[in-house]
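For reference, the structure discussed in these notes is given below.
The values are calculated or read from the model by the stated rules, or taken from the named source; none is laboratory data. Note that the structure is a prediction, hence the values are computed from the model and not measured. Note that each Cβ is placed from the backbone with ideal geometry, even for glycine, and that neighbours are counted across all protein chains shown.
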Amino acid sequence: MPTKLSILWLPALAAGFVDYGDVLPVSYSIDPKPLLAHDTKYTGESIVLSSDRPVLTIDYGTEVAGFPFFDIEALSAPTQVEVKYAEDFTAFDNPHSDGPWTFSNGLSSSFRTETFEFSKSGHQQAYFPQGGQRWQTIQLLTNTTVTFKSVGLNSTSENKPSSAFAGQLHTSDELYDKIWDLGPRVLQAACVDAGNAPSTWDITSDGALIRGQQTAQSNNGSTFANYTLSFKTKIVRGGTGWRVGSTIGTPRGHVLYLTSNYPEETTFVNTNRSLLPANTLVYNYGFSIVNQSTLATGWNQWFPINRTIAENVWYTITTTLNPTSIDISLDGHPIASIPQDEANYLSSQGPSYLGTLNPTSGTFGLGPWADQIAYYKDVHITSQNGTTLYTNPLTSNSEIDSTLSEFNIAPLTHSVCLDGAKRDRLVWAGDFYHTAKILSTSTARWDYILGTINFVLDRQRKPDTEYAGLVPISATLGTSDPEEYISAFTETGYGGLLDYQDLFLASVGYYFLATGDVENLRPRWGQIKRVFEARKKFIDPSSGLVADGEDGTPGSYFLGPVNGSAPTGLAAYTYKELIPLAEALDDAEAVRELNETSQGLIESLNSQLWNASTGVYDLSVDDRGNFSFTGIAWAILSGAANSTQAKASIARLPELRLGVGYKTSTADESSNKTQLSANTGGFLLEALFKAERDLGVKNLTVAKSLLDDFWSQMATQEEYYSGASWEYEYPDGKPGIDLYTSLAHPWGAAPTYVLPQYVVGVTALEPGYKTWSFEPMVGALGLKNANATTWTPAGPIEASWELVGEEAIVRAHAPKGINGVLVLPDGAGKKRVRVAGGRRFQINCRNWS
């Protein structure tokens with residue numbers, strides 16, 4: 001049995017790694033197959049796998065992240081195991097578990113299955129971190145016995161119970177407490193410290209040593225067309241892989257893998273010889289050579305090679321793109337000429353927000369398939385006329401830092417929050433809106449928020465360039481050089497989903513409201529204003545609504561169509577949110593501009609899109625027959641909707657009911673595969689509570705159903721439970737993109753900030769909670785009591801209410817230096833009572849309902 005592979009198992013820890021310790025199983029089972037019923041609590045005992053009980057199922061209890069490790073106590077002989085990782089227990093029925101992650105290379109493992117060989121006792125650690133999982137299986141592949149002293153993860157993030165954090169919520173309903181808990185758990189998994197996402201390549205004197213991962217693309221090849229790529233490669237195990245004619249951050253294009261002859265001494269026994277036969281070139285056009293839920297790829301083509309492809313031998317591979325074919329040579333000998341038919345068809349089929357594809361142009365990428373390892377060096381690209389376009393030796397003699405940044409796999413330099421823990425490991429600027437608010441009422445890890453703000457603004461487009469002033473909507477982690485990112489990512493990096501610019505600005509405004517931190521935002525104020533100025537150019541001068549750009553640049557929005565209620569309401573809300581920061585910086589002109597723009601949008605929203613005959617805001621000026629709950633939500637949150645409009649609009653929401661939740665728009669289909677969004681549902685949830693509190697709309701029926709029927713699914717289904725919030729749900733309450741669904745997605749945890757702010761009722765009136773409001777919704781949602789602890793720069797505010805007999809007892813305590821205003825419930829006449837900082841306050845109220 002082979003032993004040479006173990007030398008490659010070295011932890012890839014970057015300088016400055018923040019060690020959060022080890023995460024061990026909560027419970028486990030040993031059986032011939034994975035078991036959801038795992039009754040054995042893990043207490044540190046040794047675990048034995050053998051041929052009659054070959055599968056260890058590990059339950060970490062909730063979402064965790066880190067480098068998998070194995071402490072081997074004893075082996076009967078060298079042993080191979082297949083390890084699967086999953087957020088969703090049902091993923092173990094899939095040969096690829098809930099992966100692979102073909103959307104991006106997110107400084108973590110691209111695959112959710114790994115094969116390991118144990119040749120001796122001792123500690124062994126995986127090279128790649130896993131971004132997020134609750135479950136893990138270890139399946140014995142060989143007829144041997146292995147004894148584990150321990151297994152687990154070297155954690156790359158915090159792993160604390162929600163009770164350990166500054167923000168707290170407790171109510172008389174255990175379900176609502178569990179729903180609130182989803183927030184702190186998801187932030188711990190999806191927020192990453194600088195230094196805790198190391199590079200996924202090793203640059204050595206012998207070339208770039210790359211282990212199996214989604215290809216990483218060069219930023220320097222996006223303008224190349226009809227070119228020839230040449231590089232040298234040495235297969236260490238299994239095969240080598242590359243990509244040409246590709247997009248950069250989201251790799252789509254021609255993808256190729258060349259397999260070795262699979263020598264016994266280095267080949268894993270579970271190698272998929274159907275997908276990747278020995279001595280074969282495998283080709284596809286799209287994301288990958290396997291489908292992943294919504295990221296469908298093309299069809300595989302196999303080209304057997306009439307020679308032995310040996311391991312540990314250098315080969316020169318040449319790939320030429322031309323309008324009719326893609327031609328591949330090995331050491332100067334042609335091995336395949338692939339017609340462009342598949343690529344020509346598939347290039348027009350992808351999602352528009354990912355940009356257009358041209359099979360004859362685009363950059364190149366490098367990276368072998370799962371469990372493969374290969375060296376790469378001496379990359380050379382020439383044009384049709386033989387002109388050199390690009391060279392890179394990929395050795396330690398080259399500029400290592402610049403090379404890693406060029407391929408977007410440099411170590412993470414900022415502490416940031418990602419879109420998801422296991423998947424979409426990108427800094428999505430718009431989804432950050434929920435993250436900032438969740439953090440303020442739970443973990444209070446403001447270093448993540450400030451780190452994300454700086455990370456995004458560092459990559460802002462420069463003046464007098466295309467998309468000037470805009471920030472990236474989904475920045476990659478591994479582009480350490482901001483100037484390089486700005487140059488490489490243009491249309492899809494900045495011009496898509498323009499409402500994400502507004503959501504990002506709203507996050508900045510909220511950060512300032514919660515912290516009062518003017519000093520860290522002062523150096524960035526000019527950039528923040530430039531985002532606002534860039535967005536103003538997308539206000540239609542005729543309708544006064546958010547639409548296309550004044551220069552004809554198409555407007556693309558996530559929340560709704562151009563000239564629509566949702567993006568317009570969001571913009572009005574956002575610019576108003578920035579006013580306190582402008583005031584703190586004594587920028588009177590910005591205050592005026594922000595206020596006038598916000599008010600103008602509100603006026604246009606009401607004059608152009610409020611439909612008195614239907615009692616709801618129209619979807620857009622071009623679609624008067626439909627409406628969306630995002631349009632309703634942002635009309636309320638922005639202050640555009642008055643009490644009458646809010647009441648009428650909310651009364652229309654039951655028309656959107658679909659299964660456990662609500663579809664976003666009447667224009668959406670109603671099917672068992674309609675995706676119900678926890679992201680947009682969060683906007684609606686807050687709007688419903690705001691309408692109750694501020695506009696006197698006494699109707700929390702939909703809010704309660706969102707919590708009881710929709711968010712409850714995340715907290716009550718054992719096979720899907722991650723302890724964190726989800727991305728989407730289907731109408732039946734299951735994860736809404738099948739196995740691809742992120743079950744640790746911060747955008748899905750809005751209740752974590754909505755419930756403390758509205759049900760308990762603590763809200764900042766001035767930045768940093770210098771003054772604050774306490775307006776409890778006594779008895780809301782059928783609750784008997786609710787209490788919350790809210791972080792402030794001066795210390796925690798503790799507030800609560802409870803029903804005792806016919807009385808409501810309201811209590812509050814805040815630190816010295818900040819003063820609150822208690823607004824008593826309606827039955828008490830909305831009386832206002834001052835709550836002095838540094839003192840404990842209690843009032844008993846009989847007339848509370």
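Of all residue pairs spaced 6 or more apart or on separate chains, those with beta-carbon atoms under 6 Å, a first member in the range 268-287 that is surrounded by fewer than 22 Cβ atoms within 10 Å (Cβ to Cβ) and a second member that is charged (D, E, K, R) and not in a loop (DSSP other than H, G, I, E, B) are N270/E82.
The residue that is farthest from H434 (Cα to Cα), among those in the range 511-565 that are acidic (D, E) and assigned to a loop (DSSP other than H, G, I, E, B), is D551.
Of note, A436 does not satisfy the criterion of being in the same structural domain as V456 (by TED's automatic domain parsing) and under 28 Å from I289 (Cα atoms).
Within the range 587-609, which residues are touching an Asp or Glu at 6+ places or on another chain (Cβ under 8 Å) and crowded, with 21+ Cβ neighbours inside 10 Å? Within the range 587-609, just L609 meets the criteria.
Each residue in the range 234-276 was checked for being more than 21 Å from A296 (Cβ to Cβ), touching a Leu at 6+ places or on another chain (Cβ under 8 Å) and among the hydroxyl-bearing types (S, T, Y), and 3 pass. For S172, the criteria (1) in contact with a strand residue (DSSP E or B) (Cβ under 7 Å, 6 or more places away or on another chain); (2) more than 30 Å from A786 (Cα to Cα); (3) polar (S, T, N, Q) hold in every case but one, which is (2).
Any chance you could count how many residues in the range 787-804 are in a strand (DSSP E or B) and either among the aromatic types (F, W, Y) or under 31 Å from the mean Cα position of the chain (by Cα) (or both)?
First, pick out the residues of the range 787-804 that are in a strand (DSSP E or B): 787-790, 797-804.
Next, from what is left, pick out any that are either among the aromatic types (F, W, Y) or under 31 Å from the mean Cα position of the chain (by Cα) (or both): 787-790, 797, 801.
Residues in the range 787-804 being in a strand (DSSP E or B) and either among the aromatic types (F, W, Y) or under 31 Å from the mean Cα position of the chain (by Cα) (or both): 6 in total.
Being assigned to a helix (DSSP H, G or I), assigned by TED's automatic domain parsing to the domain that holds Y500 and surrounded by 24 or more Cβ atoms within 10 Å (Cβ to Cβ), is that true of even one residue in the range 579-586?
Here is the first cut: in the range 579-586, the ones assigned to a helix (DSSP H, G or I) are 579-584.
Filter once more, keeping what is assigned by TED's automatic domain parsing to the domain that holds Y500: 579-584.
Subsequent filtering for residues that are surrounded by 24 or more Cβ atoms within 10 Å (Cβ to Cβ) retains 581-582.
The answer is yes, given that some residue of the range 579-586 is assigned to a helix (DSSP H, G or I), assigned by TED's automatic domain parsing to the domain that holds Y500 and surrounded by 24 or more Cβ atoms within 10 Å (Cβ to Cβ).
Could you identify the single residue in T43, T57 that is surrounded by fewer than 23 Cβ atoms within 10 Å (Cβ to Cβ) and either touching a strand residue (DSSP E or B) at 6+ places or on another chain (Cβ under 9 Å) or not in a strand (DSSP E or B) (or both)? Let's see the steps before the verdict.
Numbers: T57 fails: surrounded by fewer than 23 Cβ atoms within 10 Å (Cβ to Cβ).
Going through T43, T57 in turn, just one is surrounded by fewer than 23 Cβ atoms within 10 Å (Cβ to Cβ) and either touching a strand residue (DSSP E or B) at 6+ places or on another chain (Cβ under 9 Å) or not in a strand (DSSP E or B) (or both): T43.
Among the candidates T792, T752, the residue that is under 23 Å from A724 (Cα atoms), in contact (Cβ under 8 Å) with a residue 12 or more places away in the chain and β-branched (V, I, T) is uniquely T752. Of all residues in the range 624-639, at least one satisfies being part of a helix (DSSP H, G or I), more than 14 Å from S665 (Cβ to Cβ), out of contact with any strand residue (DSSP E or B) (no Cβ under 6 Å at 6 or more places or on another chain) and in contact (Cβ under 8 Å) with a residue 12 or more places away in the chain.
The one condition from (1) assigned by TED's automatic domain parsing to the domain that holds Q675; (2) aromatic (F, W, Y); (3) in contact with a strand residue (DSSP E or B) (Cβ under 7 Å, 6 or more places away or on another chain) that W711 does not meet is (3).
Residues of the range 107-141 being of a type in the set (D, E) and within 30 Å of V416 (Cα to Cα), which ones? Walk me through how you get there before you give the answer.
Narrowing the range 107-141 to residues of a type in the set (D, E): 114, 117.
Selection gives E114 alone.
When A788, A724, A812, A808 are checked against the criterion of being at pLDDT 95 or above, crowded, with 19+ Cβ neighbours inside 10 Å and more than 30 Å from V427 (Cα to Cα), a single residue qualifies: A812.
One residue alone among D732, D708 is under 27 Å from the mean Cα position of the chain (by Cα), surrounded by fewer than 22 Cβ atoms within 10 Å (Cβ to Cβ), touching a residue at least 40 places away in the same chain (Cβ under 8 Å) and under 26 Å from M777 (Cα atoms), and that residue is D708.
With respect to K673, determine if the residue is of a type outside the set (S, T, N, Q), surrounded by 16 or more Cβ atoms within 10 Å (Cβ to Cβ) and over 25 Å from G761 (Cα atoms).
Numbers: of a type outside the set (S, T, N, Q): yes; surrounded by 16 or more Cβ atoms within 10 Å (Cβ to Cβ): no; over 25 Å from G761 (Cα atoms): yes.
Answer is no for this residue.
All of G615, G569 fail the test of being on the phi > 0 side of the Ramachandran plot and either surrounded by fewer than 18 Cβ atoms within 10 Å (Cβ to Cβ) or in contact with a helix residue (DSSP H, G or I) (Cβ under 7 Å, 6 or more places away or on another chain) (or both), apart from G615. Where strands (runs of 3 or more DSSP E) fall wholly inside the range 284-365, no range has 2 or more residues that are within 30 Å of L559 (Cβ to Cβ) and in contact with a Ser or Thr (Cβ under 9 Å, 6 or more places away or on another chain). For the range 209-226, the set of residues classified as more than 15 Å from R252 (Cβ to Cβ) and under 20 Å from the mean Cα position of the chain (by Cα) consists of Q213 only.
Scanning for something outside the structural domain of F512 (by TED's automatic domain parsing), out of contact with any helix residue (DSSP H, G or I) (no Cβ under 7 Å at 6 or more places or on another chain) and crowded, with 21+ Cβ neighbours inside 10 Å, does the range 778-785 turn up at least one residue? Among the residues of the range 778-785, at least one is outside the structural domain of F512 (by TED's automatic domain parsing), out of contact with any helix residue (DSSP H, G or I) (no Cβ under 7 Å at 6 or more places or on another chain) and crowded, with 21+ Cβ neighbours inside 10 Å, which makes the answer yes.
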